[in-house]
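Following: one structure in C-alpha coordinates, then a few remarks.
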Amino acid sequence: IVASQIFKDVRTLAPEQEEGLRTEVRQAGSVKKFVFQNFEHFEWYLQENARTEAVRLAKVQPPPPPPLPAESQDVAVAASEGDAAAGQLPRSGADDDGSEE
(Lines give C-alpha, C1' and ligand atoms only; values in the text may rest on other atoms or scores of the structure.)
Protein backbone atom coordinates (compact mmCIF):
# COMPACT_ATOMS: atom_id res chain seq x y z
CA ILE A 1 0.00 0.00 0.00
CA VAL A 2 1.40 3.38 -0.92
CA ALA A 3 2.00 5.12 2.40
CA SER A 4 0.25 8.33 1.40
CA GLN A 5 -2.85 6.33 0.41
CA ILE A 6 -3.04 4.10 3.49
CA PHE A 7 -6.19 5.64 4.98
CA LYS A 8 -7.99 5.60 1.63
CA ASP A 9 -7.06 1.94 1.10
CA VAL A 10 -8.07 0.95 4.64
CA ARG A 11 -11.38 2.77 4.18
CA THR A 12 -11.98 0.68 1.04
CA LEU A 13 -10.78 -2.67 2.42
CA ALA A 14 -11.81 -2.47 6.08
CA PRO A 15 -13.87 0.65 6.81
CA GLU A 16 -14.63 -0.50 10.38
CA GLN A 17 -10.89 -0.28 11.18
CA GLU A 18 -10.16 3.13 9.67
CA GLU A 19 -10.87 5.24 12.75
CA GLY A 20 -8.87 2.92 15.01
CA LEU A 21 -5.91 3.11 12.62
CA ARG A 22 -6.15 6.90 12.45
CA THR A 23 -6.09 7.08 16.25
CA GLU A 24 -3.05 4.79 16.52
CA VAL A 25 -1.16 6.68 13.80
CA ARG A 26 -1.96 9.99 15.50
CA GLN A 27 -0.63 8.63 18.81
CA ALA A 28 2.55 7.40 17.09
CA GLY A 29 3.09 10.76 15.41
CA SER A 30 3.05 9.66 11.74
CA VAL A 31 2.35 6.68 9.52
CA LYS A 32 6.09 5.99 9.25
CA LYS A 33 6.55 6.04 13.03
CA PHE A 34 3.51 3.79 13.44
CA VAL A 35 4.99 1.26 11.00
CA PHE A 36 8.39 1.29 12.73
CA GLN A 37 6.76 0.87 16.15
CA ASN A 38 4.85 -2.14 14.79
CA PHE A 39 7.72 -3.71 12.83
CA GLU A 40 6.54 -7.22 13.71
CA HIS A 41 3.42 -6.60 11.59
CA PHE A 42 4.45 -4.03 8.95
CA GLU A 43 7.41 -3.13 6.78
CA TRP A 44 8.25 0.29 5.30
CA TYR A 45 9.89 0.05 1.88
CA LEU A 46 10.54 1.90 -1.37
CA GLN A 47 8.53 0.63 -4.34
CA GLU A 48 10.98 0.11 -7.17
CA ASN A 49 8.68 0.88 -10.08
CA ALA A 50 7.11 4.03 -8.62
CA ARG A 51 10.01 5.15 -6.37
CA THR A 52 7.41 5.77 -3.68
CA GLU A 53 7.37 4.90 -0.01
CA ALA A 54 4.97 2.09 0.79
CA VAL A 55 3.83 -0.21 3.58
CA ARG A 56 3.39 -3.98 3.43
CA LEU A 57 2.80 -6.79 5.85
CA ALA A 58 6.00 -7.98 7.46
CA LYS A 59 7.35 -11.33 6.37
CA VAL A 60 6.25 -13.88 8.87
CA GLN A 61 9.13 -15.73 10.51
CA PRO A 62 8.41 -19.29 11.58
CA PRO A 63 8.40 -19.68 15.35
CA PRO A 64 11.50 -21.29 16.89
CA PRO A 65 11.23 -24.97 17.74
CA PRO A 66 10.06 -25.73 21.26
CA PRO A 67 12.84 -26.26 23.81
CA LEU A 68 13.86 -29.79 24.69
CA PRO A 69 12.65 -31.13 28.03
CA ALA A 70 15.22 -30.56 30.79
CA GLU A 71 16.07 -34.29 31.00
CA SER A 72 16.88 -34.48 27.27
CA GLN A 73 19.12 -31.41 27.47
CA ASP A 74 21.08 -32.89 30.41
CA VAL A 75 21.62 -36.19 28.61
CA ALA A 76 22.67 -34.51 25.35
CA VAL A 77 25.14 -32.20 27.13
CA ALA A 78 26.59 -35.01 29.25
CA ALA A 79 27.03 -37.25 26.20
CA SER A 80 28.72 -34.56 24.14
CA GLU A 81 31.02 -33.52 27.01
CA GLY A 82 32.07 -37.12 27.62
CA ASP A 83 32.64 -37.70 23.91
CA ALA A 84 34.74 -34.57 23.62
CA ALA A 85 36.84 -35.52 26.65
CA ALA A 86 37.47 -39.00 25.27
CA GLY A 87 38.15 -37.62 21.81
CA GLN A 88 35.78 -40.08 20.16
CA LEU A 89 32.16 -40.75 19.40
CA PRO A 90 30.13 -42.99 21.70
CA ARG A 91 30.39 -46.68 20.90
CA SER A 92 27.46 -48.98 20.58
CA GLY A 93 29.28 -51.89 22.29
CA ALA A 94 30.28 -53.57 19.02
CA ASP A 95 33.65 -53.30 17.27
CA ASP A 96 33.93 -52.62 13.56
CA ASP A 97 34.19 -56.34 12.92
CA GLY A 98 30.89 -56.90 14.70
CA SER A 99 32.34 -58.57 17.82
CA GLU A 100 31.58 -57.37 21.32
CA GLU A 101 34.33 -55.91 23.50
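Amide H to amide H, with H built 1.01 Å from N, Thr52 comes under 5 Å of Gln47, counting only residues 5 or more places away or on other chains.
With the contact rule set at Cα under 8 Å and sequence spacing of 6 or more, what percent relative contact order holds for segment 9-60? Over segment 9-60, the number comes to 20 percent. Please identify the GluC sites (Glu not before Pro) of segment 3-65 that satisfy two criteria: DSSP loop assignment and at most 12 other Cβ atoms within 10 Å. Which are they? Here the sparse-neighbourhood loop sites are Glu40, Glu48. Please state, rounded to one decimal and in Å, the Kirkwood hydrodynamic radius that segment 1-68 gives when every pair of distinct Cα atoms enters the mean of 1/r. Evaluated on segment 1-68, it is 13.3 Å. Site pair Ala58 and Thr23 shows an inter-label distance of 2.3 nm when each label is modelled 7 Å from Cα along Cα→Cβ.
Could you work out what % of the accessible surface of segment 1-65 is carbon and sulfur, using a 1.4 angstrom probe and leaving DNA, RNA and ligands out of the count?
Working: 2810 of 5070 Å².
It is 56 percent, rounded to a whole number.
The values are calculated or read from the model by the stated rules, or taken from the named source; none is laboratory data. Small disclaimer: the values here were computed from a predicted structure and weren't measured. Here Cβ is always computed from backbone atoms with ideal geometry, including for glycine, and neighbour counts include all displayed protein chains. These area figures cover heavy atoms from the full protein model, side chains too; ligands, DNA and RNA do not enter into them. Shrake-Rupley method; radii C 1.70, N 1.55, O 1.52, S 1.80 Å.
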